[in-house]
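The values are calculated or read from the model by the stated rules, or taken from the named source; none is laboratory data. Bear in mind the structure is a predicted one, so any value in this text is a computation, not a measurement. Glycine also receives a Cβ, built like all others from the backbone with ideal geometry; neighbour counts cover every protein chain displayed.
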């Protein structure tokens with residue numbers, strides 16, 4: 001059994017509304033012969049006549065009137081389905097779990113997330129602020145934002161701020177009391193503030209100059 005074609009349905013509905021193959025063809029940008037052939041093809045697929053044709057008029061048969069309502073509904077359903085799919089392509093929804101460092105998360109990312117949720121109201125955010133390394137699989141984290149190079153090379157990683165640098169600073173009173181370091185190695189003689197990263201002290205600071213790296217062990 002032949003199946004109805006969507007374009008044939010569209011031509012049939014237009015011809016039924018216009019009462020003319022020529023008018024339907026003009027509306028759809030087709031030739032009258034193409035419009036007439038489409039309706040004949042549809043009639044062949046259904047096994048019934050949809051129009052009573054004469055040289056001066058075109059009117060629906062009883063079967064044509066009955067089928068017109070179904071054709072309208074079918075075209076409307078297809079249009080609604082197309083619109084739904086296209087909307088989904090441009091909108092996102094669901095739960096998104098993020099893990100981020102405490103300082104970066106609180107001071108920079110949280111304000112951005114407000115803007116993100118205004119733009120994507122269908123997203124439910126779950127935020128984990130922690131300086132511990134995150135196991136994305138076990139903890140159910142979708143995206144982890146971290147400093148430095150990722151330790152797991154199997155993960156997909158993108159640099160958010162490739163030129164990010166830490167700033168070495170101290171209060172003027174400290175410099176007045178202890179003197180100002182001139183080279184990285186001078187930090188051996190200074191009281192430096194260190195922090196814990198993954199249960200280990202971050203007490204080796206890396207400096208770069210002219211493409212060369214210098215690692216300095218600090219205490220504080």
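For the stretch 34-62, which positions are out of contact with any helix residue (DSSP H, G or I) (no Cβ under 8 Å at 6 or more places or on another chain) and free of Cβ contacts under 8 Å to residues at least 24 places away in the same chain?
Those that are out of contact with any helix residue (DSSP H, G or I) (no Cβ under 8 Å at 6 or more places or on another chain) and free of Cβ contacts under 8 Å to residues at least 24 places away in the same chain: 37, 40, 43, 47, 52, 53, 54, 55, 56, 61, 62.
Out of the stretch 175-188, which residues are under 19 Å from residue 215 (Cβ atoms), without any contact (Cβ under 8 Å) to a residue 24 or more places away in the chain and surrounded by 10 or more Cβ atoms within 10 Å (Cβ to Cβ)?
Listed by number, the residues that qualify are 181, 183, 186.
Is it fair to say residue 77 is surrounded by 14 or more Cβ atoms within 10 Å (Cβ to Cβ) and farther than 30 Å from residue 144 by Cα?
When the stated conditions are applied, residue 77 does not pass them.
Can you work out which of the residues in the stretch 162-174 that are modelled with pLDDT under 90 and surrounded by 10 or more Cβ atoms within 10 Å (Cβ to Cβ) is farthest from residue 219 (Cα to Cα)?
Among them, the one singled out is 164.
Okay, residues lined up against (1) over 42 Å from the mean Cα position of the chain (by Cα); (2) on the phi > 0 side of the Ramachandran plot; (3) in a loop (DSSP other than H, G, I, E, B); (4) in the same structural domain as residue 63 (by TED's automatic domain parsing):
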| site | (1), (2), (3), (4) |
| --- | --- |
| 10 | no, no, no, yes |
| 14 | no, no, no, yes |
| 23 | yes, no, no, yes |
| 27 | no, no, no, yes |
| 30 | no, no, yes, yes |
| 35 | no, no, no, yes |
| 40 | yes, no, no, yes |
| 43 | yes, no, no, yes |
| 49 | yes, no, yes, yes |
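Any idea which of (1) modelled with pLDDT of 90 or more; (2) exposed (fewer than 11 other Cβ atoms within 10 Å of the Cβ) is the one residue 84 doesn't satisfy?
It is condition (1) that residue 84 fails.
For residue 128, only one of the following conditions fails: (1) assigned to a strand (DSSP E or B); (2) exposed (fewer than 13 other Cβ atoms within 10 Å of the Cβ). What is its number?
(2)
Within the stretch 103-123, work out how many residues are in contact (Cβ under 8 Å) with a residue 24 or more places away in the chain and surrounded by fewer than 12 Cβ atoms within 10 Å (Cβ to Cβ).
Qualifying residue count for the region: 1.
Go through (1) more than 30 Å from residue 19 (Cβ to Cβ); (2) part of a helix (DSSP H, G or I) for residue 96 and report which single condition fails.
(2) is the only condition that residue 96 fails.
Is it true that residue 71 is surrounded by 17 or more Cβ atoms within 10 Å (Cβ to Cβ), in a helix (DSSP H, G or I), on the phi < 0 side of the Ramachandran plot and over 40 Å from the mean Cα position of the chain (by Cα)? Let's see the steps before the verdict.
Details: surrounded by 17 or more Cβ atoms within 10 Å (Cβ to Cβ): yes; in a helix (DSSP H, G or I): yes; on the phi < 0 side of the Ramachandran plot: yes; over 40 Å from the mean Cα position of the chain (by Cα): no.
In short, no.
Go through the stretch 41-59 and count every residue that is under 20 Å from residue 7 (Cα atoms) and out of contact with any strand residue (DSSP E or B) (no Cβ under 6 Å at 6 or more places or on another chain).
Of the residues in that region, 10 qualify.
Any chance the stretch 147-156 includes a residue that's under 23 Å from the mean Cα position of the chain (by Cα) and modelled with pLDDT of 85 or more?
no
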